[in-house]
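> I am attaching a structure below and will ask some questions about it afterwards.
We did not get these values from a lab; they are worked out from the coordinates using the rules stated. Model, not experiment: these values are computed from the prediction. Every residue, glycine among them, receives a Cβ derived from its backbone with ideal geometry; neighbour counts consider all protein chains shown.
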Amino acid sequence: MTVAVSTSDSPDMRFLGLGEGHLREITARIALQLLAIDINLAYGGDLRTWGFSKLLFRLVLRYTSSADLKKDPARVTNHLAWPVHIGTPVDQIDALIDDLQGTGEVVLLDCDGTPLTLETRRNLSTRAPTQDEWISGLTAMRELQSSLTDARVLLGGQVENFKGRMPGVAEEAMVSLCAGQPLFLIGGFGGCTRDIAETLGIDKPRDGLSRNGSWSGRGEFKQWTGENLNNGLTAKENKVLASTPFMTQIIFLILRGMYRLRQRRSPQVN
């Protein structure tokens, strides 16, 4: 199985007594546990020095044996949308690929989601993408990634200053729901993920958040309920996952859901 991980900082974390360190820790722990049960990871990444893509790659390098890497080197796949890589100097892309050291792969995509070779990218001029390219390129990347993965885990998510047609975490959730892909909503860090859980009726809205809960596209989620998450968890378990900030509980529920999803996929043995 391959699981897409969608995570970014949340505007609610300070209100909830959480910081970036907590977000990085829970992302790392989820990634480690999934890798440990032979699940590969996918991420629609960026090229920031301390971005989550590099964190995932470092975890693979540190915690996967050399023998396992030779058998299955692409434990993490970073899908780079057109507007992300066209605005990045090629030498930075080369440096990222060199940093992988056999732990994973970077897939460059055209604006319609078609994979590009690195050589093709080298022959293109680096430039600032247009707003239309941001919208179409990010959507295409998310739709392709959904078609190549078996489930998605959502955590946090900004709700302002996004580049696509809606917040990134929201569009990734939307693509998964439309495809019937199993979706795990970790809402204890607030942000877009928690908003989605509330809109699906999984838990009641929180009081006291110091922001407007309205963002572009939120109303589109009203057509679904918690039953559409299709993630192997019960309604009660999804409610806990949508609210708890406790890392051990989060990981336990994700692993329980993954186990049940694997049971669905495996043929019954008499």
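> Sort 79-92, 236-249 by the packing proxy (mean of other Cβ within 10 Å over each peptide's residues), most packed first.
Working: 79-92: 19.6, 236-249: 16.9.
Result, highest mean first: 79-92, 236-249.
> Compare the peptides 167-177, 134-144 by average per-residue count of other Cβ atoms within 10 angstrom and give them in order, highest first. Mind showing how you got there, number by number?
On the way: 167-177: 24.6, 134-144: 21.6.
Descending mean neighbour count gives 167-177, 134-144.
> How much length is gained if the chain between THR120 and ARG165 is pulled fully straight, taking 0.36 nm per residue apart and subtracting their Cα-Cα distance, in nm to one decimal? Display every interim value, and only then the final one.
Numbers: separation 45, 0.36 × 45 = 16.20 nm, distance 2.75 nm.
Extra length from THR120 to ARG165 when fully extended: 13.4 nm.
> Continuing with the same structure: Projecting each Cα onto the charge dipole of the chain (Lys/Arg +1, Asp/Glu -1 at the beta carbon, about the Cα centre), which of SER214, ILE97, VAL240 comes out farthest on the positive side?
Of SER214, ILE97, VAL240, it is VAL240.
> Please state the charge dipole magnitude for the chain, taken about the Cα centre, from unit charges on C-beta atoms (+1 on K and R, -1 on D and E), reported in debye and rounded to the nearest 20.
Working: 30 positive and 30 negative charges, 162 e Å.
About 780 debye.
> If you don't mind, there's one more thing I want to ask. How much net charge surrounds ARG262 when only other residues with a Cβ under 13 Å from its Cβ are counted (Lys, Arg +1; Asp, Glu -1)?
Values: positive: ARG256, ARG260, ARG264, ARG265; negative: ASP38, ASP150.
Within the 13 Å Cβ shell, the charges total +2.
> Something else about it: Determine Rg/Rh for region 150-270; Rg is computed over alpha-carbon atoms and Rh is the Kirkwood hydrodynamic estimate from the same atoms. It would help to have the intermediate numbers written out before the result.
Working: Rg = 14.5 Å, Rh = 14.7 Å.
Rg/Rh: 0.99.
> Take the Cα coordinates of region 2-264, assign each an equal point scatterer, and use the Debye formula without solvent to give log10 I(q)/I(0) at q = 0.17 Å⁻¹.
Evaluating at q = 0.17 Å⁻¹ gives log10 I(q)/I(0) of -1.40.
> Work out the FRET efficiency for ASP132 and ALA28 from their Cβ-Cβ distance, taking R0 = 45 Å, and round it to the nearest 0.05.
The value I calculate is 0.80.
> Oh, and also: How large is the helix-only mean residue ellipticity at 222 nm for the chain, computed as the sum of -39500 (n - 2.57) over DSSP H runs with n ≥ 4, divided by its residue count, in deg cm²/dmol to the nearest 500?
On the way: 11 runs with 121 residues, N = 270.
Taken over the chain, the calculation gives -13500 deg cm²/dmol.
> Take peptides 195-206, 216-227 and line them up by average Cβ neighbours within 10 Å, highest first, as a rough protection proxy.
Working: 195-206: 19.4, 216-227: 14.6.
Listed from highest to lowest mean packing, they are 195-206, 216-227.
> Let me ask something else. Full extension from CYS178 to GLU143: what is 0.36 nm times the residue separation minus their Cα-Cα distance, to one decimal in nm? Display every interim value, and only then the final one.
Values: separation 35, 0.36 × 35 = 12.60 nm, distance 1.00 nm.
Length difference between fully extended and current span is 11.6 nm.
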